[in-house]
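I have placed the structure first, in the form of structure tokens, so that the comments after it can refer back to it.
The values are calculated or read from the model by the stated rules, or taken from the named source; none is laboratory data. This structure is a prediction, so every number in the text was calculated from the model and none was measured. Using ideal geometry, Cβ is built from the backbone for each residue, glycine included, and neighbour counts are taken over all protein chains shown.
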Amino acid sequence: MTWRGHSCRRFREAASPVLQRFPKAVRFSPLSAVAWPERRRDESRRGSLENPSPLPARCKPDMRPDESGRGRHECHVAVLLLCLAPVCLGARVKTGLEVLIGQDFAPLRGKRVGVITAQTGVTEDGRRIVDVLAHAPGVKLGAIFAPEHGLEGNREDRNIDDSVDRSTGVPVYSLYNAGHYRPTPEMLKDVDALIYDIQQNGARFLTRITTLGYTMEAAAQKGIPYYVLDRPNGINGVDFEGPLLDGKYVSFVGYMRMPIRHGMTAGELAEMYNGEKHLGVDLHVIRMEGWKRSMWYDETGLTWIDPSPNIHNVTEAALYPGVCLLESPQISVGRGTDTPFERIGAPWYRASEVADYLNARPIPGVRFVARRFTPRASVYKDQECEGFDILLVNREVFDPVLLGMELLSATLKFHPGKFQLDGVMRLLGSDEAAARLKRGETGREVLQAMRGQLAEFARIRAKYLLYDDGNRTPLRAQVLGQLKP
């Protein structure tokens, strides 16, 4: 049961006595707890910057009804919505970790385990998986493996040393240390099984999903089972977009041929890695319960934990797969500011012109507002940058990869000779996409020309999906197929 689509049956049943008092149908916006009269059929279901979902005309802040008295009733419906929200929201999604606990750790009994995890690997009441496994009956925690940003998720340097977990006394092996990204046989000597429990948010170049692949390879080489405790894809599991990775760009920020946004969970990625790369690992995915592909993280009922030092909320997670395409010594993507990945800029950037240009482009769900900012760290530290904020105003029609490709196209168009695609090729990962951008094609034109690649990936991806596909049309059909270049 979910708010998505405003289709909560239990809410409708509970609210029906009040709704029957209205001569016209009423729609609900659970995100704002506001009711408004039925719109004309040709108007959008969802609000946007140009057509926001308003308070009903009869329900003004002073709460006074009009002559018909309906304003009071409509306001009462809004209050009722707030009161009944807990009924509709229901139980939160159960992560793979919670399911494992519910199984009393049966799959792991009698095993010495190593866990690949970070700060997002916690129970719903905030206990670390490290502590849970250390006290699990019949399980011996022998090693902890920490990805980029370390076990606590707060490191931004490239040389994270091995350490010992203070709470459990178990060794912590860094998988992000001066170019060393894989566990060694020595690290695995006291391990009979590996467990992976890390939140990820849908972008190909997130290194945690490469760490997933590398540790699966290590498990296959040693002949030990590998368990993925699945978690939600934070930016939904429906949409996948972007050029596929060329083989020459496979690296720590691109494990295998897939689009920039993959629309899969860690468990599904593990199944795909194992199947398509023929890893031969004894893989076990402990699935979530209650997760639907259409869910964003804030619809799961789970507590948000920053997955990295520069992604602080669902908005930044949604923008990341697009904005990160510009990340290089040439462009600040807002690291060192309060809103990383919600802005870009450089001292030489023609921000006002680019913002005006992008606002006139068909890039649904976002707007651009020029501003100056000075990063406190990272690229252009302590230098004033000309740039713009990227405002996410409607995520239901937003395509982060389209945004990223349009940002690349506009930056090249307005700054010839100052911005080079060579600096972002490990992230873009496609020579064809780069060649088209250099020829002056817009981001939308590039993606439309390369849509055949997505069909190739769709066939592969479909074999490994573990959860209900939902009833939402993917953005690649919903947006790219409907708007002209």
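Looking only at the stretch 221-239, how many residues end up being surrounded by fewer than 23 Cβ atoms within 10 Å (Cβ to Cβ) and assigned to a loop (DSSP other than H, G, I, E, B)? Step through it out loud before you land on a result.
At the first step, the residues of the stretch 221-239 found to be surrounded by fewer than 23 Cβ atoms within 10 Å (Cβ to Cβ) are 221-225, 238.
Keeping just the survivors that are assigned to a loop (DSSP other than H, G, I, E, B) gives 223-225, 238.
Matching residues across the stretch 221-239 total 4.
Out of the stretch 178-208, which residues are assigned to a strand (DSSP E or B) and surrounded by 15 or more Cβ atoms within 10 Å (Cβ to Cβ)? Working first, answer last.
Of all residues in the stretch 178-208, those assigned to a strand (DSSP E or B) come to 180, 193-197, 200, 203.
Scanning the stretch 178-208 gives Ala193, Leu194, Ile195, Tyr196, Asp197, Gln200, Ala203.
Could you grab me the full set of residues in the stretch 340-376 that are touching a helix residue (DSSP H, G or I) at 6+ places or on another chain (Cβ under 8 Å), among the hydrophobic types (A, V, I, L, M, F, W, C) and either surrounded by fewer than 23 Cβ atoms within 10 Å (Cβ to Cβ) or without any contact (Cβ under 8 Å) to a residue 12 or more places away in the chain (or both)?
Across the stretch 340-376, the qualifying residues are Leu358, Val369, Ala370.
Can you say whether Gly280 is closer than 18 Å to Tyr467 by Cα and either touching a helix residue (DSSP H, G or I) at 6+ places or on another chain (Cβ under 8 Å) or surrounded by 19 or more Cβ atoms within 10 Å (Cβ to Cβ) (or both), as far as the supplied structure shows? Show your work before the answer.
On the way: closer than 18 Å to Tyr467 by Cα: no; either touching a helix residue (DSSP H, G or I) at 6+ places or on another chain (Cβ under 8 Å) or surrounded by 19 or more Cβ atoms within 10 Å (Cβ to Cβ) (or both): yes.
No; evaluated as a whole, the condition is false for this residue.
Tell me, which residue of the stretch 153-177 that is exposed (fewer than 14 other Cβ atoms within 10 Å of the Cβ) and touching a residue at least 24 places away in the same chain (Cβ under 8 Å) is farthest from Leu108 (Cα to Cα)?
Per the criteria, the residue is Asn154.
Quick one: is Gly110 at pLDDT 95 or above, of a type in the set (Gly, Ala, Ser) and surrounded by fewer than 19 Cβ atoms within 10 Å (Cβ to Cβ)?
Numbers: at pLDDT 95 or above: yes; of a type in the set (Gly, Ala, Ser): yes; surrounded by fewer than 19 Cβ atoms within 10 Å (Cβ to Cβ): yes.
So Gly110 passes the test.
In this structure, is Glu406 over 27 Å from Thr207 (Cα atoms) and of a type in the set (D, E, K, R)? Break it down into steps so the answer makes sense when it comes.
On the way: over 27 Å from Thr207 (Cα atoms): no; of a type in the set (D, E, K, R): yes.
So Glu406 does not fit the description; no.
Taking the stretch 344-399 as the region of interest, how many residues are part of a loop (DSSP other than H, G, I, E, B) and closer than 22 Å to Gln448 by Cβ? Break it down stepwise before answering.
Kept after step one, since they are part of a loop (DSSP other than H, G, I, E, B), are these residues of the stretch 344-399: 347-350, 360-365, 374-384, 393-394, 398-399.
Keeping just the survivors that are closer than 22 Å to Gln448 by Cβ gives 360-365, 394, 398-399.
Count: 9.
Does Phe398 count as within 26 Å of Asn154 (Cβ to Cβ) and either under 21 Å from the mean Cα position of the chain (by Cα) or assigned by TED's automatic domain parsing to the domain that holds Gln200 (or both)?
Details: within 26 Å of Asn154 (Cβ to Cβ): no; either under 21 Å from the mean Cα position of the chain (by Cα) or assigned by TED's automatic domain parsing to the domain that holds Gln200 (or both): yes.
Judged against the criteria, Phe398 is not a match.
Looking only at the stretch 377-389, which residues are in contact with a helix residue (DSSP H, G or I) (Cβ under 7 Å, 6 or more places away or on another chain) and over 22 Å from Glu156 (Cβ atoms)?
The initial filter retains those residues of the stretch 377-389 that are in contact with a helix residue (DSSP H, G or I) (Cβ under 7 Å, 6 or more places away or on another chain), namely 386-388.
Within the stretch 377-389, Glu386, Phe388 qualify.
Scan the stretch 261-274 and tell me whether some residue there is more than 22 Å from His312 (Cα to Cα), modelled with pLDDT of 95 or more, assigned to a loop (DSSP other than H, G, I, E, B) and over 16 Å from the mean Cα position of the chain (by Cα).
Step one: of the stretch 261-274, the residues more than 22 Å from His312 (Cα to Cα) are 267-274.
Those still in the list that are modelled with pLDDT of 95 or more too: 267-274.
In the following step, the residues that additionally are assigned to a loop (DSSP other than H, G, I, E, B) were identified as none.
Among the residues of the stretch 261-274, not one is more than 22 Å from His312 (Cα to Cα), modelled with pLDDT of 95 or more, assigned to a loop (DSSP other than H, G, I, E, B) and over 16 Å from the mean Cα position of the chain (by Cα), which makes the answer no.
Write out, first by first residue and then by second, each pair whose Cβ atoms fall under 8 Å of each other, whose residues are 6+ apart or on separate chains, and whose first residue, in the stretch 293-317, is outside any helix (DSSP H, G or I) and surrounded by fewer than 17 Cβ atoms within 10 Å (Cβ to Cβ) while the second is of a type in the set (A, V, I, L, M) and at pLDDT 95 or above.
Taking only residues 6 or more apart or on different chains, the pairs are Gly301/Val93; Trp304/Val314; Ile305/Val122.
Check whether at least one residue in the stretch 445-453 is modelled with pLDDT under 95, closer than 26 Å to Ser251 by Cβ and buried (at least 17 other Cβ atoms within 10 Å of the Cβ), and report yes or no.
Yes, that holds for at least one residue.
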